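To start, the structure under review is shown below, and the notes come after it.
None of the figures in this text is laboratory data; all of them are computed from the coordinates on show. Everything numeric here is computed off the predicted structure, so don't read it as measured data. Positions of Cβ are generated from backbone atoms using ideal geometry, with glycine treated the same way; all protein chains shown enter the neighbour counts.
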Amino acid sequence: MSLFRFPEKIPVLFYLIFFFLLLGALAALSPVISRQDIDLLISLREKTTWDLSQITNLHFLLLKSFYIILKDVITNYYQLLRILNIFYLLLAVFVSYKIIKLKFYDLDIWNTLGAFIVSGGIIFATLIIQDHLLSGLLNLSILYFLLKSFDENKPTNIFFMNILTLIALLMNNFFCLIIITILSLTKLINLKLEKEKRLSVVSNISFLYLAAITLVITNQIGQDDIFFNFTYLPDLILDRIFYLVFTLLPIAGILLISLFFNVFKKLNWNKDLLFFLLMIIVSIIVFTFSPRMNLSIIVFVLPLTAIYIFRTLEFVQMKWSKVIYASLFLIPFIIIYADTSIYPKIEFIPFTNYAFYLSIVLLSFLNPLFFTQAQSILEAHKMALFSFSMIISLTLGFFYYQYSNQLLQNVVVKAVNNDFQCSIEDTKFNIIDYNSSILSLYFKDNISFKGQNKCHIQLTFTPLTDLPINDINSVNKTILDLNQKQFLNINFKKL
């Protein structure tokens, strides 16, 4: 069995470098999927006048600046705008490092940061063009300066905390008020806190809440955008819990073990660790019951969760408790389910897909669960990181190889160039019974063509289960519609 324990010998720094490269590849190669992302990209490309919420949104301004500078390069490769997410993540890693050094200076830093970075939540936040990573970074930074303000009596800490809070509020990130309120209240309960310090804390909280109320009124922010509006629909709550478990992998299972040791065995029982546990619980509750899914909360809670786990279990030798790593088997089956669900019938699934399914299932067996000897949390988690990294890498490579050429934007350009010998710039499209935001993003000029056109092509979309349009003067192609998560047949006919 020792032959299969080689992941334990690999330095954690290697995992960090490898996963950052993998995140860069994901950001550059993964197509734009979310409708919110597409709407944001259309707004970046077309709008010349913005509303107040966009002008005050730091992420939107950075995106717009990046788009203007690299407009010629980014055209038709909008996913490259996700490079900003890599920059945000680097800053989030740095702030997490500063929090560890501030509160847990002797904690193993690299393993803790590795558990934070190599996680499903970071992958999802990287694949989105919206402001989730920046909002999570702001929340982490606010927590850091607030913690520091109670340890060091320097006005600069409160100044930076207030500036970051105002930026977060201008981005409709009201979760930061929860962080400030909880930490401030826990400090106010402390009887040793000086009277002047108490008055300073209360006045600062009052100022920030007044600023938040002013922004709500000025920007006419709806109830769904603020944190104290909860929903209790059972289906939505179950969906959030499932999503939460998946985005916390591969640390979701080990979090339960650390809770057991910390709460029931009083291991590493101290105020700072209990505060981190409180923030984790509150964050999970807000994420689960909020009307809108907010990935920035996951970005914020992931480093806190990693710190909590490794501080609690750093000296624990795990044996039978490793059974909790069985949660890692969820990853391949979720990927398999996501892939098979896009096919209308099981017989439509290519043989290559089955080979891929077998590969990721076999990789999931590189799991600490199957090693009955006692291991430290560092050894066990290295194996989990290796398995998770390999599964995600193989999945990225397979999806790009199998589906990249079937995306709508790629199929249309190739068909126009190769089958009709037309230039995409000189082509006009007539769309039959199909409304796609992807078409609006990539081919708006072709749909609303105003100049002289050499090619006029009619596009007709039908389900893959229907027979292709039988017309010798037309061409049928299969596309993967990521918005509808299904394959479609598209018929090209030159008019």
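Each Lys or Arg adds one and each Asp or Glu takes one away; over the other residues whose Cβ falls under 15 Å from the Cβ of Asn85, this sums to -1. Here the calculated FRET efficiency for Ser65 and Phe159, from their Cβ-Cβ distance with R0 = 30 Å, stands at 0.70, rounded to the nearest 0.05.
Rounded to the nearest 500, the 222 nm mean residue ellipticity of the chain from helices alone is -19000 deg cm²/dmol, with -39,500 (n - 2.57) taken per DSSP H run of at least 4 residues. Here is the short version for the chain: Cys176 have no other Cys C-beta closer than 4.7 Å.
In terms of surrounding Cβ atoms within a 10 Å radius of their Cβ, Phe175, Phe398, Phe159 rank from fewest to most as Phe159, Phe398, Phe175.
The chymotrypsin sites (Phe, Trp or Tyr not before Pro) of the range 52-83 meeting both criteria, a DSSP state outside H, G, I, E and B (loop) and at most 14 other C-beta atoms within 10 angstrom of the site's C-beta, are Tyr77. Projected label points at Asp72 and Phe150, each 7 Å from Cα along the beta carbon direction, are separated by 5.4 nanometres. The length gained by stretching the chain between Asp108 and Leu233 to full extension, at 0.36 nm per residue less their Cα-Cα distance, is 40.9 nm. Segment Tyr97..Lys494, full-extension length gain: 137.0 nm, with 0.36 nm per residue of separation and the alpha-carbon distance subtracted. Among Thr352, Thr56, a tally of other beta-carbon atoms within 10 Å of each Cβ gives an order, fewest to most, of Thr352, Thr56.
With a simple spin-label model that places each label point 7 Å from the Cα along the Cα-to-Cβ direction, the separation between Leu185 and Gln54 comes to 3.8 nm. Hydrophobic, long helices, defined as DSSP H runs whose alpha-carbon span along the helix axis is 30 Å or greater and whose mean Kyte-Doolittle value is at least 0.0, occur in the chain at 83-103, 195-219, 377-403. Could you list, in their original order, any pairs among Lys103/Lys195; Lys428/Lys493; Lys428/Lys494; Lys101/Lys266; Lys428/Lys454 whose Cα atoms are separated by more than 18 Å? Beyond 18 Å: Lys103/Lys195; Lys101/Lys266.
Computed from the alpha carbon atoms alone, the convex hull of the range 407-494 holds 84 Å³ per residue.
Near Lys148: Cβ cut-off under 9 Å, other residues only, Lys/Arg at +1 and Asp/Glu at -1. The net charge is 0. At full extension, Val202 and Leu21 could sit 60.7 nm farther apart than now, given 0.36 nm per residue minus the alpha carbon distance.
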